[in-house]
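Any read-out appearing in this document is the output of simple, stated calculations on the displayed coordinates, not a laboratory observation. Computed from a predicted structure; not experimentally measured. Positions of Cβ are generated from backbone atoms using ideal geometry, with glycine treated the same way; all protein chains shown enter the neighbour counts.
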Amino acid sequence: MLILLVWQVLLGHPWGKQPLSSANIIGWTIFLWLIYLRLITVRLVTEVRDGDLIVGMRGLWPARRVRLSDIRSAEVANYDPLRDYGGYGLRSNREGKAYTTSGNVGVRLTLATGEKLLVGSQQADQLAKALRLQRT
C-alpha cells in the first residue's frame, strides 16, 4: 500500500484502469498499518502457577487456563508451523490446537480429555520440566 500511495498520491500516476481515489488509498494505508502495528505487539505468554498452565496471545486473545491435573503428558516437540498448523498464531487442525508465535520448538500436551495442545516456547525444555514437576 505504501508503494501505491507513493505512486498514485505523491507522484500523481493513477494505478490500474479504475484507480482508487487518493482518499481511499490514504485511508487503507493507515488502516493496514494500524493492524500491522497492533499484530506485532501481540505476545505469547505462558505461565505455570497455582496448579494451572495459563497460555494466551496477550493483546489479541483471552488466555486459556489448563489445570495441571488434566495434563496426561508433556513432551518437547519439534514442529513445522506452516506444514503442521498453517502458520503462527492460535491454530487448530485434526491433531489439536497450537499456540505459536515464532520458532519450531514447543511442548506438546495430551490432556485427560484426549485433546492435544501444542505450546510454542523458546524454553521448551524448562516448560516441560516445570509442568512435570508441578503435576507430581
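Taking the DSSP bridge list for the chain and keeping only pairs wholly inside it, about 90 percent are antiparallel.
Working note: 222 nm ellipticity from helices only, DSSP H runs with n ≥ 4, each -39,500 (n - 2.57), summed and divided by the residues of the chain, gives -8000 deg cm²/dmol to the nearest 500. Taking H placed 1.01 Å from N in the peptide plane, check which residues at least 5 places from Ser73 or on another chain put their amide H under 5 Å from its amide H. Residues meeting the amide H criterion: Thr110. Inter-label distance, His13 to Ile30: 2.6 nm, where each label sits 7 Å from its Cα along the C-beta direction.
Summarised as an ellipsoid, the chain has semi-axes of 43, 14, 12 Å, derived from the eigenvalues of the Cα gyration tensor scaled by 5 and square-rooted, with the largest first.
Of the GluC sites (Glu not before Pro) found in the range 60-136, the ones in coil according to DSSP and having at most 15 other Cβ atoms within 10 Å of their Cβ are Glu95, Glu115.
Kirkwood radius, the range 51-107, all distinct C-alpha pairs, inverse of mean reciprocal distance: 12.4 Å.
May I ask you to list the trypsin sites (Lys or Arg not before Pro) in the range 35-136 that are in a DSSP loop and have at most 15 other Cβ atoms within 10 Å of their Cβ? Don't skip to the answer; put the middle values down first.
On the way: sites: Arg38, Arg43, Arg49, Arg58, Arg64, Arg65, Arg67, Arg72, Arg83, Arg91, Arg94, Lys97, Arg108, Lys116, Lys129, Arg132, Arg135; in loops: Arg94.
Filter output for the range 35-136: Arg94.
If you put +1 on each Lys and Arg Cβ and -1 on each Asp and Glu Cβ, how big is the dipole of the range 43-135 around its Cα centre, in Debye rounded to 20? Show your work: numbers first, answer last.
Details: 16 positive and 10 negative charges, 28 e Å.
Dipole size: approximately 140 debye.
Over the chain, Cα pairs under 8 Å with separation of 6+ residues give a relative contact order of 17 percent. Length gained on full extension, Ile54 to Asp125, computed as 0.36 nm times the residue gap minus the Cα-Cα distance: 23.9 nm.
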